[in-house]
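Asker: Could you have a look at this structure, given as structure tokens, before my questions?
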Amino acid sequence: MRYRRATVAGGSWFFTVNLADRQQDYLVRHVEALRVAVRQTKQRYPFEIVAMVVMPDHLHAIWTLPPGDADFSIRWAMIKSRFSRGIPAGEHIRDSRVQKRERGIWQRRFWEHQIRDDADLQAHVDYLHYNPVKHGYVQRVADWPYSSFHRFVRQGWLPVDWAGSGAVLNLKE
């Protein structure tokens, strides 16, 4: 089945990518394998990670692709595949996946939203960085280690106590 996806070459997108079993914590437990998968994929198919947060069972990312390139699907397929090969087996695998020789780690698809303008980008960066607080993993954004928030602080774009009061956004997942 072919899904309709935005195909603006060189565009920026917000993504949500989920584990098949949302009770698992593979993404933080094996975060180094995820980093390797992303790094190797970027070498073959370049893209810029504008912002990213890795949660136990899902991740959010904002990417900008190179001019003339709109194929984010191949990049996610490679990241998922490399990550899956990089961690030990042991997850529950449904029969439909066994028949296709798939692991049972990832949901097959992902959700994407094309970034429309600077305000849309800012809203999605804020949402992404606040996500660990929203899900109750930490009380302060700065306390979650798997986030581009720390790069934003180092570069002087955000203060370390950003959203410290919890009053930041009204975005829904």
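Asker: Using θ = phi - 60° and the Karplus curve 6.51 cos²θ - 1.76 cosθ + 1.60, what whole-Hz ³J(HN,Hα) does each residue of the range 155-164 get, with Gly and Pro shown as x?
Answerer: For the range 155-164, the Karplus-derived couplings read 7, x, 7, 9, x, 4, 9, 3, 6, x Hz, x marking Gly and Pro.
Asker: Right, another one. Within the range 9-82, what whole-number % of the accessible surface is contributed by carbon and sulfur, with the 1.4 Å probe and all protein chains included in the calculation? Could the numbers behind the result be given before it?
Answerer: Details: 1420 of 2890 Å².
Carbon and sulfur atoms account for 49 percent of the accessible area of the range 9-82.
Asker: A further question follows. Rolling a 1.4 Å sphere over the protein heavy atoms, what is the accessible area per residue of the range 1-71, to the nearest Å²?
Answerer: 50
Asker: FRET efficiency for TRP111 and GLN139, Cβ-Cβ distance as r, R0 = 30 Å, nearest 0.05?
Answerer: Approximately 0.65, to the nearest 0.05.
The values are calculated or read from the model by the stated rules, or taken from the named source; none is laboratory data. Everything numeric here is computed off the predicted structure, so don't read it as measured data. Quick reminder, even Gly has a Cβ in these numbers, built from the backbone with ideal geometry, and neighbours come from all protein chains shown. Please note that ligands, DNA and RNA were not included when accessible areas were found on the heavy atoms of the full protein model with its side chains. Shrake-Rupley method; radii C 1.70, N 1.55, O 1.52, S 1.80 Å.
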